[in-house]
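Trainee: Structure provided below as structure tokens; questions to follow.
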């Protein structure tokens, strides 16, 4: 079920991953993460989505899309992680975040890219 | 003699159609008229005549004769004949009514064509006198009176009313069913008849000289040189044949859909290059011979076999519709002049 | 042998011998499924497809007709599919003009290497034609008895 | 118009030609018949060029040009396109033909007058408008209304090929001949289907359209040929109505000069030219403007291609009614 | 009515598992014309063929329908079977109930029903089959090899060895191809030049081989056994018959700034040049894009210094027409363009090099004389990072190729090993996704790189390479350690994917040979006919058919040669009897068919016919040359009257199939 949701939101087929690790090689936030981009993919594929959802690591993804850009198999880990984050939001029933609310949610430690990413994400 | 107001025509048609199919001439999208099955809303055409003749009623362009079913290596026969049901055709002009006699002589003499016969038996023909003949009309040349058409019932139309005169038992029986008709005086239509006859007098070919044709004229006409010039520009299409009320040739073909075979007949035209083609080839190899065949048949061969009756009724359809404007009148005139 | 089932369309696929027929074989070799109501007729080249064959198929009960040939530029006979392309474009346009559902006819270029494309094309075409339902506008009732 | 007859006489008299292909007087004013005249006397007696010389004579040349001696033919602009197309297809022997081009302002025929409302016609007076004498009195009708359908959308006054010209050479004229096609294209498929069913269901397969058509000049038509596998003589089924007309239109694709004879001769008034024009319009739009019979060198679009031709799916996306 | 025998094949369980073969043979026995119907385990086996032969004789069969695998597989087999039994081979039709039925359907009832319908269609067709006789056409006993790399060279040598004439067309000034640029070969580490150049010399000296170097194929006409090829011999502006290859001109030419393609632009050459010392033919070529004399008429130094008087500034391209019986495509490969891979900094830093460039940097004849030096500063690199699968195994997109380029794992191991061997002070990292080493002594070779030479093989991929302060900052993942690595490298070597040469696509169009979506030539059968194109008379050699290493290429080159030899050793070829045929009685003489015939097989004659009433008619009618007609059928549709029909695929046959399928 959850896997279908992730697939539907992300439009990504994690089975296409050939485990090359280019995503993790590209990731600027690698060391901040509990799970690394290549692990997102394999965890989604093996159904360990709840673990992912519970991990703080998914919020350290900056949505810089380097992995999307570089992935040779069009697996696009950032889309998956985005989908997992959305799944969390939906679960909480908070899928109605508006751009106006974002400034209030900011704190000093939040990286600039994450703010940009949030805008990018919610302006749609 | 009965009558009904023109404004009430619809109720008359409805009454006739109550227990049978009724065909009446209606205008198509291009303003020409065709016999169509009457239904609520059908409007009677005011044209002189239909594009296709009334022969379709008994001798449709395509008619299934029988079927075969092939299962494995077994063949069984299937009856495909339409069930017999009575029907009426309204608005048949004098010329077309005469054409039925000509067709009857072909189809109803032994061996009787049972498909034709069945339809013929079940029809009630309601003819209609010609109010406004066309310049192409020349039925009078064949002794047909456009003011007094035959048929099971004869009708006349004046400005206000349709007059109805049953002629046969079938006609009487139908009339008895039609309570919408009211009694009328025979004298009421005399004026109309006279008017029609007066117009008929003025028809350019109304008194066409047919003396060169008829029984026993084969030798005189067959090898005449005029045929070549007359047929020269003939396209070899079947228009004249298919709109002609007296053409009665057909071809028998089969259609195999892989499971059943339908044997059907369809109109054929002696103008076609493959008409009566046999294994030895084409008995009439050029268009001249095919052209000659058509007119010789109408004007000589048929009369030879039928007490001098011509197989043309002067409806004038071919005069209007031939793509190159060759027609029976031109043939009659040219050959007639040639024999003088 | 009649198998009881719901109505499924009859699909005729004309495949050129060199590319698409081989592509169809490849989709078989790779066990890529497509519905059984697709029946393939082998022709030497897409340019062998006479419009009469397409009409014939509809007459005889086909609900959809598809032509598969080599990709333009790859014709085994150099130019055949270019001619086929024009012929089919005009024919389909005429059918459309007569009000006959345009989705019933299709041309796809399928190379000998595109087994997957062949199967996908057939699946999609069957889906499209199934959605359209029976061919009514270009039917011959004598063939439906 | 008298000059045409004089030219016919002159050509025969001078021995330039041994025969003349023209139009012969009929029993009425309107029923002219294409005819071959072999002597001055015949021409004097029967030759006529009038408002009713609508018939396209070019197809007769297939047979006539193969006979002994030279034949003169009179060609109106639209006829000359057929004449050229037949030459391109090697169907006629040009060296046996003396082509005389004649200008034309549009033609009428009995049926077109009847459609305009005349019945019982006995004579006509040509002028600004036409005065038609009938059994039931005179009728005045606008010439425009009485013109043949094909003349109402005349595409060209240019005589493409000729040995001699009577009157002026003309030019291609602007024509909205595709308007009717476009109107149909704009309908929904259901409307189009209904339209064509109404029209084609009247077909009696008399073959007039085919036999008059200069492009339909096959030695043996597939529909007449038992070996072809599609032979049929009658419209036994609505399918066969469609089949005949689709295939006929397809066979004349890019060869049809749009001379309009098919619609003129159809006894059932089926607008057959709309089928041919559809193909012409499609070709113009998809492969570039092409007019069959307009020249000697162009390659017919169906015997030609470009690498970047549109795919057949183009018809799904092109204008016309949406699904 | 034919007497038809139906033979349903089980193909073991391939067909029988999903199709009820008994039901099929029983149902088809009911079809009109069928006098015998049976099924058997393997129709193509000797016993199966014997069965067919026996039944032809027993029942006097006039037509045979085999329901089996694709006709592309065994049509010929069964045709021969029937021929042996005295039946015309074209009286056989195959119903494809394996590839197009049993293998694609799961439901047995459905598949059985379809098999019956396909059988019916074949029966309907065979009803209308007519015996056909194949004509013959002579074979031109000369072969053309397009591409002068190791594949082309080997093919040509093998063909020439068998005694046939063979021409090599090579677009570069010298033959030799990619292999000339390679330093050492895996897994033996022989010097590539040492094993290649003798073969190049053999070619030049073999009297059966003619080399058209610096030439390209311009047009191909004809068909198997009778190809007519136009070859464009590009102007070298040097008379090759006079040039001695002394090289003096290449030293004196004042235009020194021409990127040297042999060294992949890592150094420069002159405007007049000989690609490398062992070039064959060893003659100079003037590069018209750089030559001052050709560009603006000022210079002429080479002409002045040439003792042989070989320089000819007015030389023009020459078009040569040759006839061949067979053509071999050996157009080879190229590494893909790496400039699109910004993340690896290929365009940003000269120290990020492709593997082929690395070969040149290691090669004694290369720009550095064989000492490994960084292109940027000429210093010795201490840390070298190799990245594998650059552009290979990509999912669609424009950047990469979906396939594995096959040779990269091995040459990267070779590079890594050579580095460590020559310069033990270097740290060598190889980032890999998978290491693929199937092949004789291949895995051993790779293991040696790891075990003996201490190359660091890291499972993971480089994410980005950023040039910074003369170093290359490499960021990569180590998937097994689950950590991200940051390496300051001196040099990065990218194992670029390989792709077919760009000239292959237009060539394939000329040859009417099919290609796959990646522009590799398609083979007639992936397993059984790997060196033949589906187009008769066209053969495939080397990497133009798919990625290959040298041993494989040489093996395939030999195989292609043997196929060519087989073809050329025939005096005559049987023509395809399925050719177009006009019915003269119906022909309009309109030339429509002639206009669409791609082979010029149709001509017209004026012929007398009997007309009605003892007249004669002279009519223009079409004639088809059956030796030239290839049977595409374009003419049959162009023909309005249906006079033109195609034997074996006649209008009525196809319609009969349509009818059988649709009923």
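We did not get these values from a lab; they are worked out from the coordinates using the rules stated. Bear in mind the structure is a predicted one, so any value in this text is a computation, not a measurement. Virtual Cβ from ideal backbone geometry, glycine too; neighbours counted across all protein chains shown.
Trainee: Cα centroids of region E:402-441 and region B:197-253: how far apart, whole angstrom?
Mentor: 97 Å
Trainee: With just the Cα atoms defining each centre, how far is region A:5-49 from region E:580-605? Give it in Å.
Mentor: Region A:5-49 and region E:580-605 have Cα centres separated by 63 Å.
Trainee: Follow-up. Order of B:326, E:585, C:94, A:18 from fewest to most other C-beta atoms within 10 Å?
Mentor: Fewest to most other Cβ atoms nearby, the residues stand as E:585, A:18, C:94, B:326.
Trainee: Turning to a different aspect of this structure: How far is helix D:273-287 tilted off the main Cα axis of chain D, in degrees rounded to 10, range 0 to 90?
Mentor: 60 degrees
Trainee: From the gyration tensor of the Cα coordinates in chain D, what semi-axes in whole Å does the equivalent ellipsoid have, largest first, with each one equal to sqrt(5λ)?
Mentor: Details: eigenvalues 218, 127, 77 Å².
Whole-Å semi-axes of the equivalent ellipsoid: 33, 25, 20.
Trainee: At a Förster radius of 60 Å, what calculated FRET efficiency corresponds to the Cβ-Cβ distance of residue E:528 and residue B:114, to the nearest 0.05?
Mentor: It comes out at approximately 0.35.
Trainee: So in chain E, what percent of DSSP beta bridges are antiparallel if you round to the nearest 5?
Mentor: If I count the DSSP bridges inside chain E, around 55 percent turn out antiparallel.
Trainee: Evaluate peptide D:212-224: per residue, the Cβ atoms of other protein chains within 10 Å of its Cβ; return the mean as an integer.
Mentor: On the way: counts 5, 1, 0, 2, 2, 4, 9, 14, 10, 5, 9, 1, 5.
Per residue, the number of nearby Cβ atoms from other chains is 5 on average.
Trainee: Take residue B:222 and residue D:172, extend 7 Å from each Cα along the Cα→Cβ direction, and tell me the distance between the two endpoints in nm.
Mentor: 5.7 nm
Trainee: Please say if region E:4-127 is rounded, prolate or oblate, where rounded means a/c under 1.5 for a ≥ b ≥ c the square roots of the C-alpha gyration tensor eigenvalues, and otherwise the choice is prolate for a/b larger than b/c and oblate otherwise?
Mentor: Since a/c reaches 1.5 and a/b is larger than b/c, the shape of region E:4-127 is classed as prolate.
Trainee: To the nearest 10 degrees, how steep is helix E:442-451 against the longest Cα principal axis of chain E, on a 0 to 90 scale?
Mentor: It works out to around 30 degrees.
Trainee: Over the whole of E:580-591, what's the average partner chain Cβ count within 10 Å per residue? Rounded to a whole number, please.
Mentor: 4
Trainee: Here is a further query. Enter the Cα centre distance for the pair region E:91-164 and region E:617-637, rounded to the nearest angstrom.
Mentor: 24 Å
Trainee: Separate question: Can you list, bin by bin at 20 Å, the percent of alpha carbon pairs in the protein assembly as shown, starting at 0?
Mentor: Taking all Cα pairs of the protein assembly as shown, the binned fractions are 8, 26, 29, 21, 12, 4, 0 percent.
Trainee: Can you pull the Rg over Rh of region C:11-136, Cα-only, Kirkwood?
Mentor: 0.95
Trainee: Follow-up question, since we're still on this one. Which whole number in µm²/s is D for region E:43-189 by Stokes-Einstein, with the Kirkwood Rh taken over Cα pairs at 10 °C and 1.306 mPa s?
Mentor: 81 µm²/s
Trainee: Give me the angle, in degrees from 0 to 90, between the Cα long axis of helix E:550-568 and the longest principal axis of the Cα atoms of chain E, rounded to the nearest 10.
Mentor: 40 degrees
Trainee: Can you sort E:83, E:113, E:58 so the residue with the fewest Cβ neighbours within 10 Å comes first?
Mentor: Working: E:83 15, E:113 24, E:58 11.
Ascending number of Cβ neighbours within 10 Å: E:58, E:83, E:113.
Trainee: Additional query: What does the structure give for D:296-307 when I average, per residue, the other chain Cβ atoms found within 10 Å of the residue Cβ?
Mentor: Average neighbour count from other chains, rounded to a whole number: 4.
Trainee: Highest first, please rank the peptides E:512-524, A:1-13 by the mean number of other Cβ atoms sitting within 10 Å of their residues.
Mentor: E:512-524, A:1-13
Trainee: Let me ask another. Obtain the nm distance between the two label points defined at residue D:164 and residue D:94 by a simple spin-label model: each point lies 7 Å from its Cα along the Cα-to-C-beta direction.
Mentor: 1.9 nm
Trainee: With each run of n ≥ 4 DSSP H residues scored as -39500 (n - 2.57), what mean residue ellipticity at 222 nm is computed for the protein assembly as shown after dividing by its residue count and rounding to the nearest 500 deg cm²/dmol? Present the calculation step by step, with values, prior to reporting the outcome.
Mentor: Working: 56 runs with 515 residues, N = 1595.
That calculation yields -9000 deg cm²/dmol at 222 nm.
Trainee: Using a 10 Å cut-off around each Cβ, can you sort E:273, B:272 from fewest to most neighbouring Cβ atoms?
Mentor: Listing E:273, B:272 from fewest to most nearby Cβ atoms yields B:272, E:273.
Trainee: Still on this structure, I have one more. How would you classify region E:331-450 from its alpha-carbon gyration tensor, with a ≥ b ≥ c the square roots of the eigenvalues: rounded for a/c under 1.5, else prolate if a/b is greater than b/c, otherwise oblate? Kindly include the intermediate steps, with their values, before the conclusion.
Mentor: Working: a/c = 1.73, a/b = 1.15, b/c = 1.50.
Taking the square roots of the gyration eigenvalues as a ≥ b ≥ c, region E:331-450 is oblate.
Trainee: A further question on this structure: Counting DSSP beta bridges with both partners in region B:2-202, what percentage is antiparallel, nearest 5?
Mentor: Once the DSSP bridges in region B:2-202 are tallied, antiparallel ones form about 65 percent.
Trainee: A further question follows. Run the simple label-point estimate for residue E:191 and residue E:483 please: 7 Å along Cα→C-beta, distance reported in nm.
Mentor: With each label placed 7 Å out from Cα toward Cβ, I get 4.4 nm.
Trainee: Continuing with this model, one more query. If you take every DSSP beta bridge whose two residues both sit in the protein assembly as shown, what share of them, in percent to the nearest 5, is antiparallel?
Mentor: 55 percent
Trainee: Rounded, prolate or oblate: which fits region B:132-288 when a ≥ b ≥ c are the square roots of the eigenvalues of the alpha-carbon gyration tensor, with rounded for a/c under 1.5 and prolate only if a/b beats b/c?
Mentor: Oblate shape, in that a/c is at least 1.5 and b/c is the bigger or equal ratio.
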